[in-house]
Amino acid sequence: MSDIRPISESEFLNLATGRESIADISWDEKEWYANGSKTILGVVVQDRIDRDWGYVVLKPDDKGVKRAIDQESSLPDMETARTGLLDAMGKV
């Protein structure tokens with residue numbers, strides 16, 4: 001997990017080109033992460049309606065499209081979402 005680091009939104013968007021859409025009209029992306037090789041990406045999200053938190057982990061499929069391979073929602077706060085994301089990314 002030590003090679004996972006925060007990245008900027010613009011770097012995430014650049015790395016996630018060709019990704020399967022994780023955009024949802026009810027989510028705001030808040031934090032973005034990548035592993036050292038920048039092949040595994042993660043994003044912490046907040047629900048616009050009920051204000052709870054979640055995350056999504058993305059990994060390229062055999063065609064190179066970044067797809068969600070793990071996700072969680074209905075978390076109570078940003079720290080819980082961040083910790084869950086980093087743990088999930090560390091297991092990939």
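Throughout, read-outs are computed from the coordinates displayed, never taken from laboratory work. Computed from a prediction, not measured in an experiment: that's the story for all the values here.
Residues whose amide H lies under 5 Å from that of TRP27, counting only those 5 or more places away or on a different chain, are ARG48; hydrogens are built 1.01 Å from N in the peptide plane.
If the segment from ASP62 to SER37 were pulled out straight at 0.36 nm per residue, it would be longer than the present Cα-Cα gap by 7.3 nm. Taking amide H as placed 1.01 Å from N in the peptide plane, LYS66 has its amide H under 5 Å from the amide H of ARG19, GLU20, ASP61, each at least 5 places away in sequence or on another chain. Shown in residue order for region 50-56 are the 3J(HN,Hα) couplings computed by the Karplus curve 6.51 cos²θ - 1.76 cosθ + 1.60 at θ = phi - 60°: 9, 6, 7, 10, x, 8, 9 Hz (x for Gly and Pro).
Residue-wise HN-Hα couplings along region 62-72, as the Karplus relation 6.51 cos²θ - 1.76 cosθ + 1.60 with θ = phi - 60° gives them from phi, are 5, 9, x, 7, 6, 10, 5, 10, 7, 7, 8 Hz; Gly and Pro carry x.
Seen through its C-alpha gyration tensor, with square-root eigenvalues sorted a ≥ b ≥ c, region 47-92 comes out oblate because a/c lies at 1.5 or above while a/b is not bigger than b/c.
Computed from Cα positions, the angle between helix 78-91 and the longest principal axis of the chain comes to roughly 30 degrees.
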